[in-house]
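What follows is a single structure, written as structure tokens, with notes after it.
The values are calculated or read from the model by the stated rules, or taken from the named source; none is laboratory data. What you are looking at is a predicted structure, and each value in this text was computed from that prediction instead of being measured. Ideal geometry is used to build each Cβ from the backbone, glycine not excepted, and the neighbour counts take in all protein chains shown. With ligands, DNA and RNA removed, areas are computed over all heavy atoms of the protein, side chains included. Shrake-Rupley method; radii C 1.70, N 1.55, O 1.52, S 1.80 Å.
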Amino acid sequence: LTSIVNGEQVSSETIEASTTSGQASGDTRGLNDGVFLMDGLRTIAREASIWISAGGVHIVAETNDDGSTKRVHNAHIIIDDNGNIRCRYDKIHLFDISIPGKRDYHESATTAPGNRLAVCDSPVGKLGISTCYDMRFPEMYTRLVEDMGAQILLK
């Protein structure tokens, strides 16, 4: 989560989120279950008249038969100064690694990959959205800038 408040950047790594209101504009897939963080962020953006870049937001992607969460999307969400969701990007490149005898980490076991890039207009220019491990894939940023017109890249 990153935002600019009184000229200072405020950020954290990964957050769980959803919204209870169905009134958000933009892409709100999966934002209707669980905690009410997105409602709070939308209220802060609206009341403070700021845009918020919320990266690392976990949104339910798949559930088990009992309704429990199976996998999430690791999303980056842009909220405008009216509290509207303007853009959502689901992380495409997941980090899976196996180092024999040392470490196994498989993000894909708990996170579902996204399948599309995202850009959105903002008062400071067209934003190209990404998150985390995506930085290791420069062709993604080339597409965001050259094919989709991004002027500012956010991670």
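Give me, ordered by chain and number, the residues 5 or more places off Lys126 or on other chains with an amide H under 5 Å from its own placed amide H.
Amide H to amide H, under 5 Å and 5 or more residues apart or across chains, Lys126 pairs with Gln151, Ile152.
For segment 117-133, what does the Karplus curve 6.51 cos²θ - 1.76 cosθ + 1.60, with θ = phi - 60°, yield as ³J(HN,Hα) per residue in whole Hz, taken in order and with x for Gly and Pro?
Whole-Hz 3J(HN,Hα) from phi for segment 117-133: 7, 9, 9, 8, 6, 8, x, 9, x, 7, 8, x, 9, 8, 7, 6, 4.
Let me test this: with uniform point scatterers at the alpha carbons of segment 54-154, what is the Debye-based log₁₀ I(q)/I(0) at q = 0.17, 0.19, 0.23, 0.24 1/Å?
Those come out to -0.82, -0.95, -1.18, -1.23, one per q.
Step through the residues of segment 70-78 one at a time and calculate ³J(HN,Hα) from phi using the Karplus curve (6.51 cos²θ - 1.76 cosθ + 1.60, θ = phi - 60°), rounding each to whole Hz and writing x for Gly and Pro.
Couplings: 9, 9, 10, 9, 8, 9, 10, 10, 10 Hz.
Per residue, how many Å² of accessible area does segment 51-109 show with a 1.4 Å probe?
Values: 2850 Å² over 59 residues.
Accessible area per residue, segment 51-109: 48 Å².
What Kirkwood hydrodynamic radius, in Å, does segment 64-121 give when the mean of 1/r is taken over all pairs of distinct Cα atoms and then inverted?
On the way: mean 1/r = 0.0729 Å⁻¹.
Computed over segment 64-121, the radius equals 13.7 Å.
Can you pull the percent of segment 48-155's accessible area that's carbon plus sulfur, 1.4 Å probe, other chains left in place? Walk me through the numbers before you get to the answer.
On the way: 2760 of 5690 Å².
Reported share for carbon and sulfur atoms: 49 percent.
At what distance in nm do the modelled label points of Asp104 and Asn84 sit from each other, each positioned 7 Å from its Cα along Cα→Cβ?
The answer from the label model is 4.7 nm.
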